[in-house]
1. Which angle from 0 to 90°, rounded to the nearest 10, does the C-alpha axis of helix 104-118 make with the longest principal axis of the chain?
2. Convert each backbone phi in segment 86-93 into a coupling constant with the Karplus relation 6.51 cos²θ - 1.76 cosθ + 1.60 (shift: θ = phi - 60°), then list the ³J(HN,Hα) values in order as whole Hz, x for Gly and Pro.
3. Starting from the amide H of TYR35, placed 1.01 Å from N in the peptide plane, find each other amide H under 5 Å away whose residue is 5 or more places distant or on another chain.
4. Would you please give the residues with an amide H less than 5 Å from that of ARG123, counting only those at least 5 places away or on a separate chain, with H modeled from the backbone geometry?
5. Could you give the length gained on full extension between HIS100 and LYS139, defined as 0.36 nm per residue of separation minus the Cα-Cα distance, in nm?
6. Express in nm, to one decimal, how much length is gained between GLU50 and ILE22 on full extension, taking 0.36 nm for each residue of separation and deducting their alpha carbon distance.
7. Per residue and in Å³, how big is the convex hull formed by the alpha-carbon atoms of segment 50-133?
8. For segment 1-110, just the Cα atoms, rotate onto the principal axes and tell me the three extents in Å, largest first.
Amino acid sequence: KGGGALILFTSWKDVDEVLPMILPQLDPAIRSEVYVQSREDKAALKQDVEDFKANGNAVLAGVASLWTGLDIPGDALRTVIIWKLPYGVPTLESKAIEKHHGNQVYWDAMLCRLVQGMGRLVRTTSDKGTIFIADSRAKNQRWGQNSLTKHVTEFGK
């Protein structure tokens, strides 16, 4: 059974570049059930999420607000794909914090957002599925050495 996937992007640029590559690879029945978060109509997301839940075999893709607060318990969501590790955009403020406190603050902020994104998959004790991080930087991380992500190593590879 295909679908049931949430694709989390960190930028609209990635949505625009990656989705056109992914869509032709999908089964035609699923291709017609791809919901993409709207940039212009923020209210449309609520309906897209409801349609995604009702379909049970669809794909939902987007940025920002989909990383947190999205609640899709049950079989409608079986896969979370994280396109890139969600590092924040370096700002003058973040560079000043890094200068005084090291890059651990920057790393911890990314981990917090990552765990939030992963948490979209498991909303109840009976939820299960696959989390796929499509970022080569994830392979070399020491997930078990951080209190936010130590549980990640408990769940297969």
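1. So the inclination is approximately 20 degrees.
2. x, 5, x, 6, x, 10, 4, 5
3. Those qualifying (amide H under 5 Å, at least 5 residues apart or on another chain) are VAL59, LEU60, ALA61.
4. Here the answer is GLY74, since their amide H atoms fall under 5 Å of that of ARG123.
5. 11.2 nm
6. 7.8 nm
7. 98 Å³
8. Largest first, segment 1-110 extends 52, 28, 28 Å along its Cα principal axes.
Each reported figure results from applying straightforward, stated rules to the coordinates on display, with no laboratory input. Nothing here was measured: the structure is a model prediction, and the numbers come from that model. Positions of Cβ are generated from backbone atoms using ideal geometry, with glycine treated the same way; all protein chains shown enter the neighbour counts.
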